[in-house]
Each structure stands twice: as structure tokens, then as C-alpha cells.
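Please read the structure below before turning to the comments.
The values are calculated or read from the model by the stated rules, or taken from the named source; none is laboratory data. Bear in mind that the values here come from a model prediction, so they are computed numbers and not experimental data. For neighbour counting, all protein chains shown are included, and Cβ atoms are generated from backbone atoms with ideal geometry for every residue, glycine included.
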Amino acid sequence: MSADPQAAPAAAPPRTVPVAAGTNLRRGVSVLGPANIIGAPLPAGSYTALGQCAGGSVTEGNAVNFWWVKISASTHRDGWVSAVRVLEGGNNEPIAGVAELPTVQA
């Protein structure tokens, strides 16, 4: 049996991204208000990236990024982190290999 040449290509499996210690997991793609924060800050580690989208710009030192990455946290909750807190990528650039999603709000 041969593969159907008209079939859509298989989606790439989710990849993990390294996230800095003390990163807040958020309900939406902005830093607006404490009600947007889900639980305690995350420990440093690799988390499964579920997708990314444009959102509110975040600046930390020389790093600036308006991209946000939806991750699956060890707390068994999904939420958003600023790409500034992902330990790879450049200023105002999406994280390579993470699927782009439509922009969401909190």
C-alpha cells in the first residue's frame, strides 16, 4: 500500500522550549494584572510548546519580544509565557519550530 500523494503532511510533533526560572504562566498574551497569572512562577526547565502568537510586547534588559508561547506546564495547566522568558530566539522573533496560532486575549 502506497501513501496518498494528495494527503496533507503530518503535523510536526510539539517541541520543548527552555524557560527561565521565575517565569509567570499567564491566561492571555499580556502582562496585564495579577488576575492574568496562573499559580506560582515556574521553575527553570523545558516545557512542551503548544504554539505561539503575537501579543503584548515585553522588555527585560536588552531583550524585547511581542511573541508569546503557549506551554504545557508541570502544574498540569496550559498557559502563555512571553518569548523573552524562552531561552532561545532573538528580539521580536518567533521561536523556531513552534507552530503559529491566531492571537488570543486574556
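Tabulated data for the structure shown
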| read-out | value |
| --- | --- |
| Selection status of residue 29, modelled with pLDDT under 95 and buried (at least 18 other Cβ atoms within 10 Å of the Cβ) | yes |
| Among (1) modelled with pLDDT under 90; (2) surrounded by 15 or more Cβ atoms within 10 Å (Cβ to Cβ); (3) under 13 Å from residue 100 (Cα atoms), the one test that residue 73 misses | (3) |
| Given (1) modelled with pLDDT of 95 or more; (2) under 16 Å from residue 88 (Cα atoms), number of the condition residue 57 does not satisfy | (2) |
| Subset of the stretch 38-52 (residues that are touching a Gly at 6+ places or on another chain (Cβ under 9 Å) and over 16 Å from residue 88 (Cα atoms)) | 38, 39, 41, 42, 43 |
